[in-house]
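Participant: One structure, as structure tokens, below. Some questions next.
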Amino acid sequence: MASKSDSALLIIGHGSTVNRDSSAPTLAHAAEIRRRQIFAEVGCAFWKEEPSLRDALFLFDPKPIREVYVVPNFISEGYFTQTVIPRELELNGRLTKRPSGQIWKYCRPVGNHSMMTELLLKRAGKVAQDVNPAQSTLLIVAHGTDLNENSAVAAKREAENIRGLGKYAEVLNVYMEEPPLVSDWKKLTKTPNVVVVPFFISDGLHSYEDIPVLLGIANERSTTTSCAARGEVFRRNPYKIDGRSLFYAPSIGTDAGFADIIIEQATRFDSEGSHRGGTG
């Protein structure tokens, strides 16, 4: 993407009031993009942390900043990208002109980008470097929910994409709260090796504790609050269970490649135009 001296990038994250790691990847990606000096300014805003989405309305001076690219750092389309973000940022579609004349461009969430497949493969390969994929099952774990079917769509799409490459013996999309359940991984898989990649934006209670419990590699929620201690779950690979080897990776959203995806989503807005309809 060519340098834009009159444009800003706003990265939107969910954030958390209880997990300080939730915003860390978004802030790290923003710092990397800032370092590349593509945009005049790069800012972040969060639903559950400061600066808030409402604060973001005042982040960029409309005199030097004529355009603001808004990229949701979310895995899938859904309630937040379709309802919360447009409402809080007072967006009227993909292209919003403020009374000041400043133009806000609402881009697609990062999880929709085609580079996601490559990053998932890279993460799986890194956590299980010496394992033959042809003798392994790759599990892409998402939250899943009855409240929003889109929560499962992105994981299903990525599993289908990787399955089509024929690299792994099996590739399954599994969920915490809807079938197929990650807790049933022993019944769902037959290979001697199982590689698990959480399809989440950040490492938090789900990746540190909930999924490990569901996999059977942790017994119960830990009371440890140290980030380093919680991260130990990713460094104990492989886990030997019933004669098989299970490899557990950090959440995909912590990959440094997300900075490239965020930039790409902004670039795509200009190449595709604002004629895509809706605010989702």
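The values are calculated or read from the model by the stated rules, or taken from the named source; none is laboratory data. It should be emphasised that the depicted structure is a prediction, and the values quoted were computed from it without experimental measurement. Cβ atoms come from the backbone with ideal geometry, glycine included; neighbour counts cover every protein chain shown. Side chains included, ligands, DNA and RNA excluded: accessible areas come from the protein's heavy atoms. Shrake-Rupley method; radii C 1.70, N 1.55, O 1.52, S 1.80 Å.
Participant: Does residue 203 fit the bill of being among the charged types (D, E, K, R), modelled with pLDDT under 95 and open to solvent by 20 Å² or more (accessible area, probe 1.4 Å)?
Facilitator: Against the criterion (among the charged types (D, E, K, R), modelled with pLDDT under 95 and open to solvent by 20 Å² or more (accessible area, probe 1.4 Å)), residue 203 does not qualify.
Participant: Do you know which residues across region 135-152 are modelled with pLDDT under 95 and in contact with a strand residue (DSSP E or B) (Cβ under 9 Å, 6 or more places away or on another chain)?
Facilitator: 142, 143, 144, 145, 151, 152
Participant: While we're here: Just one of 142, 159 is more than 26 Å from residue 85 (Cβ to Cβ), of a type in the set (A, V, I, L, M) and surrounded by 15 or more Cβ atoms within 10 Å (Cβ to Cβ); which is it?
Facilitator: Testing whether each residue is more than 26 Å from residue 85 (Cβ to Cβ), of a type in the set (A, V, I, L, M) and surrounded by 15 or more Cβ atoms within 10 Å (Cβ to Cβ) leaves just 159.
Participant: Looking only at residues that are in a loop (DSSP other than H, G, I, E, B) and modelled with pLDDT of 90 or more in region 246-280, which one is most open to solvent (accessible area, probe 1.4 Å)?
Facilitator: 256
Participant: Follow-up question, since we're still on this one. Could you tell me which numbered condition residue 67 fails, if it satisfies all but one of (1) open to solvent by 70 Å² or more (accessible area, probe 1.4 Å); (2) in contact with a Lys or Arg (Cβ under 9 Å, 6 or more places away or on another chain)?
Facilitator: Residue 67 satisfies every listed condition except (1).
Participant: If you take the residues in region 24-64 that are of a type in the set (S, T, N, Q) and not in a loop (DSSP other than H, G, I, E, B), which one is least open to solvent (accessible area, probe 1.4 Å)?
Facilitator: 26
Participant: Please go through (1) over 30 Å from residue 237 (Cβ atoms); (2) at pLDDT 95 or above; (3) charged (D, E, K, R); (4) under 22 Å from the mean Cα position of the chain (by Cα) for residue 90 and return the number of the only condition it doesn't satisfy.
Facilitator: Failed condition: (4).
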